[in-house]
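Asker: Pasting a structure here, questions to come.
The values are calculated or read from the model by the stated rules, or taken from the named source; none is laboratory data. Owing to the predicted nature of the structure, the values given are computational and were not obtained by experimental measurement. Virtual Cβ from ideal backbone geometry, glycine too; neighbours counted across all protein chains shown.
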Amino acid sequence: MLLSMQGISKSFAGIAALQSASLEIGESEIMALVGQNGAGKSTLIKILTGAYQRDEGTIRFQGKDVSFSSPAESQAAGIATIYQEINLAPQRSVAENIYLSREPRRFGLLDRKAMREGAAKVLKVFNLDIDVDLPVARFNAATRQMVSIARAVTQNARLLIMDEPTSSLDEREVEILFRTIRTLKQNGVAVVFIGHRLDELYAICDRVTIMRDGHTVAVSAMNDMPKMELVRHMLGRELAAFQALARDAGSDDARPVRLELKNAGSGLRVRDVDLSIRQGEISGLAGLLGSGRTETARIIFGVDRLERGSLHFNGSERNYAEPAAAIADGIGLVSEDRKVDGIIPDMSIRENMTLALLPKLKKAGIVDRARQDEIVSRFIRSLGVKCASPDQPIKELSGGNQQKVLLARWLCTDPSVLIVDEPTRGIDIGAKSEILKLLRSLADEGLSVLMISSELEELLAAADRVTVLSDGMSVAVLPRQQLSEQNLLAAMAHQIDGASGELA
Amino acid sequence: MSAFFKSFAPKSSGDLARIGVLIALAALILFGALRYDNFLSPFNILSFLRYNSMFALIALGMALVIMTGGIDLSVGAVAALASVVSALLSPISWYAGLAGGIGAGLMVGLLNGLVITRLRIQPFIATLAAMLAANGTALLLANNQSVSVSYDTGFTVIGQDDFLGFPIPAWIALAAYILGWLFLERSPSGRHVLAIGDGEQTAALMGLKVERTLLGVYAVSGLLAGLAGVILAAQFGAGQPTEGVGWELFAIASVVVGGTLLTGGSGSVGATLAGALLLGMVFNVLNFENGLGWISLSAYWQSVIRGLFLLVVVVLQARLTSKSTA
Amino acid sequence: MTMTDTSLKPTATTASPLQLVSRYGVFVAFLALLVFNIAVTPNFLSWQTLNVNLTQVATIVIVATGMTLVIATGGIDLSVGSLMAISGALAPMIFMGKLLPIDNMALAVTLAFIIPVLVAAACGWFNGFLVTHFRIQPIVATLVFFIAGRGIAQVMTNGNLQVFKNPPFQFIAMGHIAGIPAQVVLMVVIAILAYCLIRFTVLGRQIIAVGGNEKAARLTGIPVRRVKTFVYVISGALAGIAGLIVVARNSASDANLVGMGMELDAIAAVAVGGSLLTGGRANIFGTLMGALVIQLVRYTLLANGVPDAAALVVKAGLIVVAVFIQQRADRS
């Protein structure tokens, strides 16, 4: 056994984050660590690396009882962590990043030559031939990750912890990463792989540890754990898989087109997108990461300028220079990253909810407080936002409730088009289906919804029609009758070249 | 020294700005040399170097601080405090004055570092408070007036004498810059300074000793400001508690003109020196222009022109960086 | 880390002791200073003491009000002191006819009130332009006018002291309205207006939103650039007004001294008053109290024979302690 963590408990301000959790990893083993948000995965990892101190429990690493008081200590002992984003110093060179904090020295000064050669050598093991003098920021996510791994390798890491390593990689890059992980395994390195994409876990991991509510609820060989069983452990209840939401059977084509992109392009990420959103439908937008989904939404909403092609709203041509212009036409956008692009954390629920409506809530510049209160309490009730009072800062709400407030932010402006980018990301399954139901009923009332999602189940359950993007181009439009996991995957992988016209 | 020049080779927009400052400096020198008879006279060059060494020292410390993504607003007041302390100690011996001034600067710098790393207070606020405190302490020690130094112990040599034909303050500044360059470009800790400016959290995760490095950087900034204060006292024969007002902003301007981004993570020691010299030379050229008698610009124009200079540089920088990210 | 995602119990917001201190500390400090002075300082409870303290604090509060708005958007304005110098230099030049001869004294004085403030506001606009249009960090953008502004004032006056006696103009500092010094009335009016701006108006909410999360604010259609430019214009204009008060009080305008160090006093008042310097909050009343506390500390020390310089050191400690408490309370 390389690592054995037993009976680990930890609480924050009296709230238990971990209760007698455990994690065991054998030599050269690839262990999947899964669980919902809040299950305690990251707390457990942070205790292992020394970023947090445990309240109770024992950690044995390489046969010795250990207790790291800082990430630096655990690194020295041979435990390396590769986080999703914050990993490297972007303006420093590749070579420096690989050796930072353990630079080769001559006479006390940097030995740049040794650093450069060492970096190139270790990258070659992973078939990466790049200029190690260039700043890391110049390279794409996959290459940066390789640099992180190379860094871990030069540290003689015995255990590599990877936190959602595939979240910003495309399929091809994931394959390269997996090859790298297998190379590591052959060289005697064990890996903890924290991830959410089940197929990836089954493809690469030997065993799986499942956590829920601060407990370790199951450990098993990967192949002995059926998918449904794994999900059931994570959720702690029978998976009420999204049942397809009932849709009225009206003919799609009879509905007027609200918004239409033709041959739209902007920058490098959006090259040629055709897309239409009809009245009263949920129009899905699918594609792998980096296919240009979010960027397409940003064009429609005026965050980025449309540089090529055309955008029509209710039949007349538009090119929004600012979100404010799109909003004036009745378009709303609930963005992908709530924390970065959505909430104003310190402001109250009331203010967050009415931010977009404010210009219409004023009398001589003054906010009409009575109307504001009326609207806010109406939406808190109708969307079921769980909060102490409208005055509560939004940052105190859970992800699902924050998302409801952000939806209400647009719904209270009575929009005609609502763009939702990954509307259920980072919220638990119960709130997920609530939000999907809500979108469905809004569409039934006439709202046009553009739903961007990476989760096929979600698109299959809720969308009337799905446009598939690949590499900045719309490659297929799947009407309801043709919506199936198989067709979506095929279109996303862009394997239906000739058929795309037919499908569209 | 070829690597010294190589550090100017363009790799990014920041490097372009660094080349820009060198070109501007060269152009201004050329302009002065062609236009004014005595511009390149030994007297002018030496007095220019003697006076501007103080600002160069402060700018060096500021550059290191800014590279970590921080800022040090206390340097002006620290220089004033150090000038008073060294003037008060100068009757004992010249090195008591020197050590006292440097020590005072180092103390304030360490205090800054401790407040920033231990209390987690933003550098802007922490050093602002230190500025007030240093200013108050200087006034208290000096009893609200300037303190003349002792001329008997040789203390004034530090500011007024030459060595091998060059002013001693210029030697001090040159030594500081060479050490600074070696530190930043050639020592692991120097690279850590830049890595921390790239992102403190990341740097900590990579096992760098962030707090210790920050503490060191603020201590160095304080120390260099203290050294500048010693030179101030030695050069003008008095410790001046009210001097140094606005020096910190002048130093920030030098650093910015030298192409170092205030967001941290990048920067060059050489270009900072060029930036400080460039801003100092604006004043020098102005004096000569007045001497020609064509126009008569009051000394007050210098801050207007410096402000304009800063404006041009930051606008150009903003342009360059927005283009490179687009 | 949230343990349970949906079942978030409506948290009854019980404030920690630290939060209480951060919320009411400035009031407690103020009251403590009052009590201390009443007990110790001779003749503290007098009309004159009140007047002295209020008139000295008026300009700081006026400038700090603008600073509060700028800081609320996540910015900072280092140029206020220099803009005071410009406005303070300009006003006497206008009513003394140095710019252009104006025969009508009433008109001249009126212009001496309006033009300097407009000029300062225009400088503020330029700050905002640099910040919004070129995306230059506020600390650098306003550094330009910090350096150049005082130079401009000095060049305009050639560095000379302008001495004058002009009762109508000096009413702004010397006059009384209902027995209260005019500058104090002005201070109160400005603080109330700013409070109402933040509390009741759409623009006020937008200022807070921009400081709280600029990206999100833009995505809700808030005209971020306009909002930001606005706060710099207001900050400039208020600095202009403060400049007028200072020269009127001194019966003289010295471009080398007017507004010197004011940016620090204003920032200190904001910090002690409890607005986070990272933006997203604007506590105008707190800023007023912050300025009063700083002033009262200084007065207390002076009245009890401690030199002015020592007050600086105390002020430094005060700022660090105040910010430390704010940040700790915010994090808990």
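Asker: Would you mind finding the one in A:Asp421, A:Asp368 that is closer than 22 Å to A:Leu447 by Cα, more than 7 Å from chain C (Cβ to nearest Cβ) and at pLDDT 90 or above? I'd like the intermediate steps shown before the answer.
Answerer: Numbers: A:Asp368 fails: closer than 22 Å to A:Leu447 by Cα.
Of the residues listed, the single one that is closer than 22 Å to A:Leu447 by Cα, more than 7 Å from chain C (Cβ to nearest Cβ) and at pLDDT 90 or above is A:Asp421.
Asker: Within 14 Å of chain C (Cβ to nearest Cβ) and at pLDDT 80 or above, is that true of A:Arg212?
Answerer: Working: within 14 Å of chain C (Cβ to nearest Cβ): yes; at pLDDT 80 or above: yes.
When the stated conditions are applied, A:Arg212 passes them.
Asker: A follow-up question, please. Of everything in segment A:303-318, what is over 13 Å from A:Ala264 (Cα atoms) and not hydroxyl-bearing (Ser, Thr, Tyr)? Give them in sequence order.
Answerer: Step one: filter segment A:303-318 for residues over 13 Å from A:Ala264 (Cα atoms), giving A:303, A:313-316.
Selection gives A:Val303, A:Phe313, A:Asn314, A:Gly315.
Asker: Return the only residue of B:Leu179, B:Leu164, B:Leu174 being surrounded by fewer than 19 Cβ atoms within 10 Å (Cβ to Cβ), within 14 Å of chain A (Cβ to nearest Cβ) and among the hydrophobic types (A, V, I, L, M, F, W, C).
Answerer: Values: B:Leu164 fails: within 14 Å of chain A (Cβ to nearest Cβ); B:Leu174 fails: within 14 Å of chain A (Cβ to nearest Cβ).
Going through B:Leu179, B:Leu164, B:Leu174 in turn, just one is surrounded by fewer than 19 Cβ atoms within 10 Å (Cβ to Cβ), within 14 Å of chain A (Cβ to nearest Cβ) and among the hydrophobic types (A, V, I, L, M, F, W, C): B:Leu179.
Asker: Which members of segment A:352-365 meet the condition of being under 24 Å from A:Val449 (Cα atoms) and facing another protein chain (nearest Cβ under 7 Å)?
Answerer: Within segment A:352-365, the first condition is being under 24 Å from A:Val449 (Cα atoms), and the residues that meet it are A:352-360.
The answer is A:Leu355, A:Ala356, A:Leu358, A:Pro359.
Asker: Given the criterion over 23 Å from C:Ile147 (Cβ atoms), modelled with pLDDT under 85 and either assigned to a helix (DSSP H, G or I) or not hydrophobic (A, V, I, L, M, F, W, C) (or both), identify the matching residue among B:Gly226, B:Gly207. First the steps, then the outcome.
Answerer: Details: B:Gly226 fails: modelled with pLDDT under 85.
Of B:Gly226, B:Gly207, the one residue that is over 23 Å from C:Ile147 (Cβ atoms), modelled with pLDDT under 85 and either assigned to a helix (DSSP H, G or I) or not hydrophobic (A, V, I, L, M, F, W, C) (or both) is B:Gly207.
Asker: For the subset of segment A:319-341 comprising residues that are at pLDDT below 90 and outside any loop (DSSP other than H, G, I, E, B), which member is nearest to A:Leu407 (Cα to Cα)?
Answerer: A:Arg338
Asker: Quick check: is even one residue across segment A:371-387 closer than 19 Å to C:Ile207 by Cβ and outside the structural domain of A:Leu439 (by TED's automatic domain parsing)?
Answerer: Step one: filter segment A:371-387 for residues closer than 19 Å to C:Ile207 by Cβ, giving A:372.
So of that shortlist, the ones also outside the structural domain of A:Leu439 (by TED's automatic domain parsing) come out as A:372.
Yes: segment A:371-387 contains one or more residues that are closer than 19 Å to C:Ile207 by Cβ and outside the structural domain of A:Leu439 (by TED's automatic domain parsing).
Asker: Within segment C:115-165, which residues are without any contact (Cβ under 8 Å) to a residue 60 or more places away in the chain, more than 7 Å from chain B (Cβ to nearest Cβ) and under 22 Å from C:Leu257 (Cα atoms)?
Answerer: Within segment C:115-165, C:Ile115, C:Asn160 meet the criteria.
Asker: Suppose we filter segment C:130-155 for residues that are within 21 Å of C:Leu90 (Cβ to Cβ) and out of contact with any Leu (no Cβ under 7 Å at 6 or more places or on another chain); how many remain?
Answerer: Residues of segment C:130-155 that are within 21 Å of C:Leu90 (Cβ to Cβ), as a first pass: C:142, C:144-155.
Filter again for out of contact with any Leu (no Cβ under 7 Å at 6 or more places or on another chain), leaving C:150-155.
Residues flagged as within 21 Å of C:Leu90 (Cβ to Cβ) and out of contact with any Leu (no Cβ under 7 Å at 6 or more places or on another chain) within segment C:130-155 amount to 6.
Asker: Okay, next question. Exactly one condition in (1) assigned to a helix (DSSP H, G or I); (2) in contact with a helix residue (DSSP H, G or I) (Cβ under 7 Å, 6 or more places away or on another chain); (3) surrounded by fewer than 19 Cβ atoms within 10 Å (Cβ to Cβ); (4) within 14 Å of chain C (Cβ to nearest Cβ) is not met by B:Asn290; state its number.
Answerer: Every listed condition holds for B:Asn290 apart from (2).
Asker: Now a separate question. Could you grab the pairs with beta carbons closer than 6 Å, sequence gap of 6+ or different chains, first residue in segment A:186-212 and in a loop (DSSP other than H, G, I, E, B), second one of a type in the set (Ser, Thr, Tyr) and modelled with pLDDT of 90 or more?
Answerer: Final answer for the pair search is A:Gly188/A:Ser28.
Asker: Could you please find all residues in segment A:84-124 being at pLDDT below 85 and touching a helix residue (DSSP H, G or I) at 6+ places or on another chain (Cβ under 7 Å)?
Answerer: A:Ile86, A:Asn87 - these are the residues of segment A:84-124 that are at pLDDT below 85 and touching a helix residue (DSSP H, G or I) at 6+ places or on another chain (Cβ under 7 Å).
Asker: Select from segment B:256-281 the residues that are away from chain C (no Cβ under 11 Å) and more than 30 Å from A:Asn97 (Cα to Cα) and list them in ascending order.
Answerer: B:Ala276, B:Leu277, B:Leu278, B:Gly280, B:Met281
Asker: Of all residues in segment C:164-185, which are surrounded by 14 or more Cβ atoms within 10 Å (Cβ to Cβ) and in a loop (DSSP other than H, G, I, E, B)?
Answerer: Answer for segment C:164-185, where residues must be surrounded by 14 or more Cβ atoms within 10 Å (Cβ to Cβ) and in a loop (DSSP other than H, G, I, E, B): C:Phe164, C:Asn166, C:Gly175.
Asker: So, one more: Is there a residue being outside any loop (DSSP other than H, G, I, E, B), within 13 Å of chain B (Cβ to nearest Cβ) and on the phi < 0 side of the Ramachandran plot anywhere in segment C:272-282?
Answerer: First pass over segment C:272-282, keeping only residues outside any loop (DSSP other than H, G, I, E, B): C:272-273.
Next, from what is left, pick out any that are within 13 Å of chain B (Cβ to nearest Cβ): C:272.
Next, only the ones that are on the phi < 0 side of the Ramachandran plot stay: C:272.
Checked against the condition, which is being outside any loop (DSSP other than H, G, I, E, B), within 13 Å of chain B (Cβ to nearest Cβ) and on the phi < 0 side of the Ramachandran plot, segment C:272-282 yields at least one hit.
Asker: Now a separate question. From the list C:Ile190, C:Ile222, C:Ile198, C:Ile208, exactly one residue is touching a residue at least 60 places away in the same chain (Cβ under 8 Å) and either at the interface with chain A (Cβ under 10 Å from one of its Cβ atoms) or within 25 Å of A:Leu333 (Cβ to Cβ) (or both). Which is it?
Answerer: C:Ile208
Results for (1) among the β-branched types (Val, Ile, Thr); (2) more than 21 Å from C:Val270 (Cβ to Cβ), shown as yes or no for each residue.
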site: C:Gln19; (1), (2): no, no
site: C:Ala29; (1), (2): no, no
site: C:Val35; (1), (2): yes, yes
site: C:Ile38; (1), (2): yes, yes
site: C:Thr41; (1), (2): yes, yes
site: C:Trp47; (1), (2): no, yes
site: C:Asn51; (1), (2): no, yes
site: C:Thr59; (1), (2): yes, no
site: C:Val70; (1), (2): yes, no
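Asker: Starting from segment A:326-346, keep only residues that are farther than 17 Å from A:Leu397 by Cα and facing another protein chain (nearest Cβ under 7 Å), then list their pairs with residues that are part of a loop (DSSP other than H, G, I, E, B) and of a type outside the set (Lys, Arg) whose Cβ atoms are within a distance under 7 Å, requiring at least 6 positions of separation or different chains.
Answerer: Final answer for the pair search is A:Ile327/A:Ala356; A:Ile327/C:Gly221; A:Leu333/A:Phe301.
Asker: A further question on this structure: Which one of A:Ser416, A:Ser454, A:Ser398 is among the small types (Gly, Ala, Ser) and at pLDDT 85 or above? Before the answer, list the steps.
Answerer: Values: A:Ser454 fails: at pLDDT 85 or above; A:Ser398 fails: at pLDDT 85 or above.
One residue alone meets the criteria, A:Ser416.
Asker: Taking segment A:173-200 as the region of interest, how many residues are surrounded by 15 or more Cβ atoms within 10 Å (Cβ to Cβ), among the acidic types (Asp, Glu) and farther than 19 Å from A:Phe139 by Cβ?
Answerer: Looking only at that region, the number is 1.
Asker: Which ones in segment C:231-257 are buried (at least 22 other Cβ atoms within 10 Å of the Cβ) and within 14 Å of another protein chain (Cβ to nearest Cβ)?
Answerer: C:Ala255
Asker: Report yes if some residue within segment C:102-110 is modelled with pLDDT under 95 and within 23 Å of C:Val184 (Cα to Cα); otherwise report no. Before you say what the answer is, go through the steps one by one.
Answerer: The initial filter retains those residues of segment C:102-110 that are modelled with pLDDT under 95, namely C:102-110.
From what is left, the residues that are within 23 Å of C:Val184 (Cα to Cα) are C:109-110.
Yes: segment C:102-110 contains one or more residues that are modelled with pLDDT under 95 and within 23 Å of C:Val184 (Cα to Cα).
Asker: Also, I was wondering about something else. Go through the residues of segment A:177-187 one by one and say whether even a single one is closer than 25 Å to A:Glu485 by Cα, at pLDDT below 90 and more than 24 Å from the chain's Cα centre (by Cα).
Answerer: No, the conditions are met nowhere in segment A:177-187.
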